[in-house]
Amino acid sequence: GEVGKREDEGGQRNGKENDNLRSLEGPVTIKKIRKNPEVDTSFLPDRDREEAERKEREKLRQEWVQKQETIKNEEIHITYSYWDGSGHRRQIKMKKGETIRQFLQKCLENLRKEFTELRATSVDNLMYIKEDLIIPQHHSFYDFIVNKARGKSGPLFSFDVHEDIRLVNDAGMEKDESHAGKVVLRSWYERNKHIFPASRWEPYDPHKKWEKYTISDNKK
């Protein structure tokens, strides 16, 4: 009897407490509903903020694009060597946004005057070798510069910092490019690819890393 009475009283207290909790929860629920009226004004601040963020992103994107266009229009002096078994060093002016194909076309126009074997050839028959890597014609100098592309002994194209191991003791090298690349006739390469230095040349692979590099042919 006494135990049952206490349980009844406890149950009544629990019931009252639950009612009190519900009465506390009630206003909170009502407030939530009031935040989302049928007239869709509550989302305007979010939309305004999203629009402002979108405009800011677009502004930054346009600034970035303009900066890249400025970089692409910057002039660079490329030193190269026409290689026919011996080197014939030349220099040519390019823009960073121009492609290796455009570079080879200009080289060809200049070299034709001196080298009879080039007079009847086209740019498709030329190769550009940099850091012992055969560089694809469709890439631009800009692509290599902004991606900090590396060759076997340093940056493929570095117009401010020298990291080429061959420049350590050579103060006479031009300071705006790490190492002169070679312009080669494809037919010369096919005839000599088993002989140094052409035996060291390989297609450019942006994912490949070279840990060790020498500047002479150590094969005996």
Just to be sure, is ARG57 open to solvent by 90 Å² or more (accessible area, probe 1.4 Å) and either assigned to a strand (DSSP E or B) or under 15 Å from VAL184 (Cβ atoms) (or both)? no
When residues of region 85-100 are filtered for being in contact with a Leu (Cβ under 9 Å, 6 or more places away or on another chain) and open to solvent by 60 Å² or more (accessible area, probe 1.4 Å), how many remain? 1
Scanning region 101-123 for residues that are out of contact with any strand residue (DSSP E or B) (no Cβ under 9 Å at 6 or more places or on another chain) and open to solvent by less than 30 Å² (accessible area, probe 1.4 Å) gives VAL123
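Here's the yes/no breakdown for (1) part of a helix (DSSP H, G or I); (2) closer than 14 Å to PHE103 by Cα:
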{"residue": "ASP124", "(1), (2)": "yes, yes"}
{"residue": "MET127", "(1), (2)": "no, yes"}
{"residue": "HIS138", "(1), (2)": "no, yes"}
{"residue": "ILE145", "(1), (2)": "yes, no"}
{"residue": "LYS152", "(1), (2)": "no, no"}
Quick check: anything in region 100-110 part of a loop (DSSP other than H, G, I, E, B) and touching a residue at least 60 places away in the same chain (Cβ under 8 Å)? no
Residue in region 133-142 that is nearest to the chain's Cα centre (by Cα), counting only those that are open to solvent by 20 Å² or more (accessible area, probe 1.4 Å) and closer than 24 Å to LEU185 by Cα: HIS139
Within region 184-208, residues under 29 Å from the mean Cα position of the chain (by Cα) and among the aromatic types (Phe, Trp, Tyr) come out as TRP201, TYR204
Looking for something in contact with a strand residue (DSSP E or B) (Cβ under 8 Å, 6 or more places away or on another chain), over 22 Å from PHE196 (Cβ atoms), in a helix (DSSP H, G or I) and open to solvent by less than 70 Å² (accessible area, probe 1.4 Å) - is there at least one such residue anywhere in region 72-79? yes
For VAL168: the one exception among (1) modelled with pLDDT under 85; (2) in contact with a strand residue (DSSP E or B) (Cβ under 6 Å, 6 or more places away or on another chain); (3) surrounded by fewer than 17 Cβ atoms within 10 Å (Cβ to Cβ): (2)
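The values are calculated or read from the model by the stated rules, or taken from the named source; none is laboratory data. These numbers come from a predicted model, not from an experiment. Note that each Cβ is placed from the backbone with ideal geometry, even for glycine, and that neighbours are counted across all protein chains shown. Remember, those area values only see protein heavy atoms, side chains included, never the ligands or the DNA or RNA. Shrake-Rupley method; radii C 1.70, N 1.55, O 1.52, S 1.80 Å.
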